[in-house]
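Asks: Below are the structure tokens for one structure; questions will follow.
The values are calculated or read from the model by the stated rules, or taken from the named source; none is laboratory data. Being a predicted model, the structure only gives us computed values, none of them experimental. Note that we place each Cβ from the backbone using ideal geometry, even for glycine, and neighbour counts take in every protein chain shown. Note: accessible area is taken over every heavy atom of the protein model, side chains too, but ligands, DNA and RNA are not part of it. Shrake-Rupley method; radii C 1.70, N 1.55, O 1.52, S 1.80 Å.
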Amino acid sequence: MASRTASYVEQGQAFDRDMDYIPDRIARDSAEWPVEPGRYRLVAAGACPWANRAIIVRRLLGLEDALSMGICGPTHDRRSWTFDLDPGGLDPVLQIPRIQDAYFTRDPEYPRGITVPAIVDVPTGAVVTNDFKQITVDLETQWRDFHREGAPDLYPEALADEIESVSEPIYRYVNNGVYRCGFAGTQNAYDKAYRRLWENLDLLEERLSTRRYLVGDHITEADVRLFTTLVRFDPVYHGHFKCNRSKLIEMPALWGYARDLFQTPGFGDTVDFDQIKQHYYVVHHDINPTGIVPKGPLAEEWARPHDRERLGGRPFGSGSAPGPVRDGERVPPEHNPALALL
């Protein structure tokens, strides 16, 4: 997510995520940053779970024509994420080599973490916001006029409080909890994070054993938030971050739930396992100083039947599935072999 520094583990300290994001919002009634199709560019990275949320939501809602997307490569240095996947190493719309440049266009003395996802105002080249949580909620609520026909309601007003209530401990103890394990600087900090992670994963295992989705009877923002951690669990967090009580594949309800989402258009087709592993195992020098990237686990396991339909519900509620992934946004098949089996 952030590239403030090349070191992530602070000896003698617990990991504390910097949540001091740019608070600006793109909203229908905003005088400074109104919702305007074609004006903004979402900058994300397939490797990053927080950015992956925005990639999924944009695709589910069919916002490709309204909001363009730039993708940074999976690795970065201490300065920032780079557009090394693009010809010439420049984002084709913003014409910059690093997302850092858009932050410094907004503020030459920008003091905080250089993070993805970020939304950039294309005319000025300046970052508008990098508040990953608010970005997806605003895409779901403020950009409704530009949702595709049949787009699901990922943030129903009647379920908003429950979505946030369910999501808060997921963020604190699961989404961020795996990082608290991996970047712990003391045994005590690690033990505390590990205990809370597994207490909450066990609660989720119980909750999802009797219901198909976290909130309501169709996919919501809450499911997007949990999925991006689960899909990285066995490839990265289990070993690299020492979250190794159990593998995801050993937790029947969570594993079935994760496969159900993965096999739903808009989820698995955004997942690039190669980039995910390259990012964590190459960038985190203090955890993996050799930079060796593991070959496993087998991505094909994600295509196995999940049998979650028996719990009822419909993935998109009264809506429909998104269409095929756009040209230029497809995950290379060798980076996610499960997709060919679906």
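Asks: Per the Cauchy relation, a quarter of the hull surface: what is the mean projected area of the convex hull of the alpha carbons in the range 53-125, in nm²?
Replies: On the way: hull surface 21.4 nm².
Projected area, direction-averaged: 5.3 nm².
Asks: Given the options A151, I163, T129, identify the residue whose Cα lies farthest towards the positive end of the charge dipole of the range 125-171 (+1 on Cβ of Lys, Arg; -1 on Cβ of Asp, Glu).
Replies: Sorting the options by dipole projection puts first T129.
Asks: Also: Taking loop as defined by DSSP and a crowding limit of 16 other beta carbons within 10 Å, which trypsin sites (Lys or Arg not before Pro) in the range 78-168 fit?
Replies: Values: sites: R78, R79, R98, R106, R112, K133, R144, R148; in loops: R78, R79, R112, R148.
In loop regions of the range 78-168 (DSSP not H, G, I, E or B), the sparsely surrounded trypsin sites (Lys or Arg not before Pro) are R78, R79, R112.
Asks: As an exercise, identify the GluC sites (Glu not before Pro) in the range 61-150 lying in DSSP coil whose Cβ has no more than 10 other Cβ atoms within 10 Å. Please list the in-between numbers first.
Replies: Working: sites: E64, E109, E140, E149; in loops: E64, E109, E149.
Filter output for the range 61-150: E109, E149.
Asks: Give the residue from Y179, P92, T141 lying farthest towards the positive end of the charge dipole for the range 68-206; charges sit on Cβ (+1 for Lys and Arg, -1 for Asp and Glu) and the dipole is referred to the Cα centre.
Replies: Result: Y179.
Asks: Further, regarding this structure: Keeping the other protein chains in place, figure out the carbon and sulfur percent of the accessible area of the range 188-278, with a 1.4 Å probe. It would help to have the intermediate numbers written out before the result.
Replies: Values: 1320 of 2850 Å².
With neighbouring chains kept in place, the figure for the range 188-278 is 46 percent.
Asks: Go from 0 up to the bin containing the longest alpha carbon distance in the range 171-317, width 10 Å each, and give me the % of pairs per bin.
Replies: 11, 41, 35, 12, 1
Asks: Dipole of the chain, Cα-centred, from +1 at each Lys and Arg C-beta and -1 at each Asp and Glu C-beta, to the nearest 20 debye? Each step should come with its number before you reach the end.
Replies: On the way: 39 positive and 51 negative charges, 169 e Å.
Approximately 820 debye in magnitude.
Asks: Would you kindly give the portion of the calculated P(r) for the range 117-157 that falls above 15 Å, as a percent of all Cα pairs?
Replies: Values: 408 of 820 pairs.
Tail of P(r) above 15 Å: 50 percent of Cα pairs.
Asks: Positive end of the charge dipole of the chain (Lys, Arg +1 and Asp, Glu -1 on Cβ, about the Cα centre): tell me which of F273, V57, H218 has its Cα farthest that way.
Replies: Toward the positive end, the furthest listed residue is F273.
Asks: What accessible surface, in Å², does a 1.4 Å probe find on D145, ignoring ligands, DNA and RNA and rounding to the nearest 10?
Replies: 120
Asks: Any idea what Rg and Dmax come out to for the chain if you just take the C-alpha atoms, in Å?
Replies: Just the Cα atoms of the chain yield Rg and Dmax of 19.0, 55 Å.
Asks: Measuring with a 1.4 Å probe in the full set of protein chains, what accessible area per residue, in whole Å², belongs to the chain? Please list the in-between numbers first.
Replies: Numbers: 14400 Å² over 342 residues.
For the chain, the per-residue accessible area is 42 Å².
Asks: Pull up the DSSP beta bridges for the chain and report the antiparallel fraction as a percent, rounded to 5.
Replies: Working: 10 of 16 bridges.
So the antiparallel bridges amount to about 60 percent of the total.
Asks: Give, rounded to the nearest 20 debye, the magnitude of the charge dipole that the range 55-105 has about its Cα centre when Lys and Arg contribute +1 at Cβ and Asp and Glu contribute -1 at Cβ.
Replies: Numbers: 5 positive and 7 negative charges, 40 e Å.
Using Cβ point charges on Lys, Arg, Asp and Glu, the range 55-105 gives about 200 debye.
Asks: OK, next. Roughly how many Å² of S320 are accessible to a 1.4 Å probe, to the nearest 10?
Replies: 50
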